[in-house]
Amino acid sequence: DGPAAAYEPSMTTLSQLKVEIPGMKPDDPVMTGEEYQEANTIYFERCAGCHGVLRKGATGKPLTTDITRENGFEYLRDFITYGSPAGMPNWGTSGQLDEKQVEMMAKYLLLEPSAPPEWGMPEMKNSWKVLIKPEDRPKQKENDIDIDNLMSVTLRDAGQVALIDGGTYEIKSVIDTGYAVHISRISASGRYLFVIGRDGLVNMIDLWMKEPATVAQIKIGMEARSIETSKFEGWEDKFAIAGAYWPPQYVIMDGDTLEPLKIVSTRGNVYDEQTYHPEPRVASILASHYKPEFIVNVKETGKILLVDYSDLKNLKTTEIEAERFLHDGGLDSTHRYFMVAANQRGKIAVVDTKEGKLTALVETGGQTPHPGRGANFTHPTLGPVWATSHLGDETVTLIGTDPEKHPDQAWKVVDKFFALGGGSLFIKTHPTSDHLYVDAPLNPDAETSASVAVFDISKMPADTEKDPEFKTLPIGEWAGIADGQPRVVQPEFNKDGSEVWFSVWNSKETESAIVVVDDKTLELKKVIKDPRLITPTGKFNVLNTRDDVY
Ligand code: DHE
């Protein structure tokens, strides 16, 4: 009793902590150094995106040794071989890993994860290159490309992006980048294109050059997915920001040179449990149109950060408690509200970027919402809505986005209907289009994963009990590819919304293509094929990406 007892819980100092000796445990499986290295490489290439570097879990289940050891070697081997309907790929039966590799991975998961190195200012500065200084760049546009109609296309396994003219379908340049570029974003002026590889390498490409090329480069981490540029009036082209999966952090850079200015770690406490998480990864980042702020989504802690870039020395951040496992999202049609999927929680968090507050958390009623940037349209009876499809099932969910004229429906699920099937990643429309496109690239059925569902928006029934009908476009078949099992992924409109482009994504060794569909007639307009089009995935139209038109 007494004061000493009150302090009892905190009496244990670090020196008194009971610890286990790090390193091998008596029943550890035996692996050679070479095998461990190979397994480590496979883990980072194929598994870490979903399960995390420290294996704490997010889109995939946690794989920490307390769990893997409980499950045991055989369970792990079989799970990796056959996968699960909940989204774990069948690495063994699909032939992507052979039997020996599967067994090696099962053993690897029974051992403690290796801790990858940090990546701070010295490493960033070391990797930073200004290839063409701002003063040596063109003073005006030196090519005749209609930049607004350019498509930046990720050539995933080639570690490149292709810039394709939206008018002539001609490949204007193919630019070396980091591995598996995840997204492209455009500076507010439309001049600079920023891309980020999975390996954290950022390329800044000047679209004014005779042949657009990289003018600056930096590696911002070991694993990354997101990049964005400042868009608020008065701050156009001033800053770029990139988010890393490892180390968990974001960095604000000079918008002309990519010089790293400020690195902020996202390690910290989970929003609800308030327990420490060592690996809260930076998922999507969007620039606010209402304030000089970046909207930074921190996956594992479930926090949405509104980072005020107007004073980097006295950085102000609004930290919004949202929901765990934040992933991808976009703005509503007014650009005031930001909608982001907390995918493993089946929810969409809505943030009012004007007020800097959480507006709502909406349960979508489907499994694992995956909107990309989502799709905005005006439903004939429900008014303005934002839509998402789902990775885990065939549901398309519409959420009301008009608190002024449709207050009863705002931030609620106003309709739910079915598209082609589960395994959808992206959904898209355009203000001039009357169609809503929904892909299903991860559907296990080959025909489904090579097709796209199209809904006629004007014919969506007033009675929400009735499901709207859709047309199935056999995009993969239209591409006329004989080999492999191409997946059709990510619809993207051209600048005026008259065409929709789809990637027909095949393996590295086989032919891929881009298929262009006429949005009015829903007929095939063009198949773009070229030996350089290796594994095309994301496509980003300059105008639509720059102005957040989707
Ligand atoms: Fe993506 C968007 C992360 C798998 C193609 N992807 C995003 C975003 C994140 C993310 C955080 C939002 C970025 C933003 O808006 O700032 N993606 C991840 C993963 O962690 C995941 C699940 C596993 C991984 O290991 O990477 C993953 N993504 C994929 C793919 O397998 C895809 C199909 C091909 C690839 O390159 O790996 C893929 N992701 C894309 C694309 C977008 C994207 C094309 C942008 C869509 C858009 O229209 O904005």
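Only residues that are in a loop (DSSP other than H, G, I, E, B), in contact with a Leu (Cβ under 8 Å, 6 or more places away or on another chain) and more than 10 Å from the ligand (Cβ to nearest atom) were counted in segment 280-304, giving 4.
Just a yes or no: is a residue in segment 518-538 within 13 Å of the ligand (Cβ to nearest atom), at pLDDT 95 or above, at positive phi and under 20 Å from the mean Cα position of the chain (by Cα)? Yes, segment 518-538 contains a residue that is within 13 Å of the ligand (Cβ to nearest atom), at pLDDT 95 or above, at positive phi and under 20 Å from the mean Cα position of the chain (by Cα). Listed by first and then second residue, the pairs with beta-carbon distance under 7 Å, at least 6 apart or on different chains, first residue in segment 530-548 and in contact (Cβ under 8 Å) with a residue 40 or more places away in the chain, second within 13 Å of the ligand (Cβ to nearest atom) and of a type in the set (Asp, Glu), are Ile534/Asp157; Thr535/Asp157; Lys539/Glu492; Phe540/Glu492; Asn541/Glu492.
The numbered conditions (1) under 27 Å from Lys56 (Cβ atoms); (2) surrounded by fewer than 21 Cβ atoms within 10 Å (Cβ to Cβ) are all true for Arg336 except (1). If the condition is being farther than 26 Å from Arg185 by Cβ and in a loop (DSSP other than H, G, I, E, B), then segment 507-544 contributes Ser507, Glu509, Thr510, Glu511, Lys520, Thr521, Leu522, Glu523, Lys529, Pro531. Can you spot a residue in segment 314-322 that is within 16 Å of the ligand (Cβ to nearest atom), touching a residue at least 24 places away in the same chain (Cβ under 8 Å) and under 18 Å from Met339 (Cβ atoms)? Taking every residue of segment 314-322 in turn, at least one turns out to be within 16 Å of the ligand (Cβ to nearest atom), touching a residue at least 24 places away in the same chain (Cβ under 8 Å) and under 18 Å from Met339 (Cβ atoms). The residue that is surrounded by the most Cβ atoms within 10 Å (Cβ to Cβ), counting only those in segment 40-60 that are without any contact (Cβ under 8 Å) to a residue 24 or more places away in the chain and more than 9 Å from the ligand (Cβ to nearest atom), is His51. Val549 - would you say it is within 16 Å of the ligand (Cβ to nearest atom) and touching a His at 6+ places or on another chain (Cβ under 7 Å)? Answer is yes for this residue.
The single condition among (1) under 28 Å from Leu261 (Cβ atoms); (2) touching a residue at least 60 places away in the same chain (Cβ under 8 Å) that Tyr337 does not meet is (1).
If we only count strands (runs of 3 or more DSSP E) wholly inside segment 318-362, which ones have 1 or more residues that are charged (D, E, K, R) and at pLDDT 95 or above?
326-331, 347-352
Selection over segment 288-316 of residues that are more than 30 Å from His51 (Cβ to Cβ) and either surrounded by 23 or more Cβ atoms within 10 Å (Cβ to Cβ) or in contact with a Phe, Trp or Tyr (Cβ under 9 Å, 6 or more places away or on another chain) (or both) gives a count of 11.
Tell me, which residue of segment 167-178 that is in a loop (DSSP other than H, G, I, E, B) and surrounded by 16 or more Cβ atoms within 10 Å (Cβ to Cβ) is farthest from the chain's Cα centre (by Cα)? Checked segment 167-178; the qualifying residue farthest from the chain's Cα centre (by Cα) is Tyr169. All told, Ile145 meets the bar of being away from the ligand (no atom under 16 Å from the Cβ), β-branched (Val, Ile, Thr) and closer than 21 Å to Thr545 by Cβ.
Just one residue in the set Ile263, Ile196 is within 13 Å of the ligand (Cβ to nearest atom) and within 15 Å of Ser127 (Cβ to Cβ); that residue is Ile196.
Checked across segment 268-279, the condition of being touching a residue at least 12 places away in the same chain (Cβ under 8 Å) and within 16 Å of the ligand (Cβ to nearest atom) holds for at least one residue.
The values are calculated or read from the model by the stated rules, or taken from the named source; none is laboratory data. These figures come from a predicted structure and were not determined experimentally. FYI the Cβ positions are ideal-geometry reconstructions off the backbone, even for glycines, and counts take in every protein chain you see.
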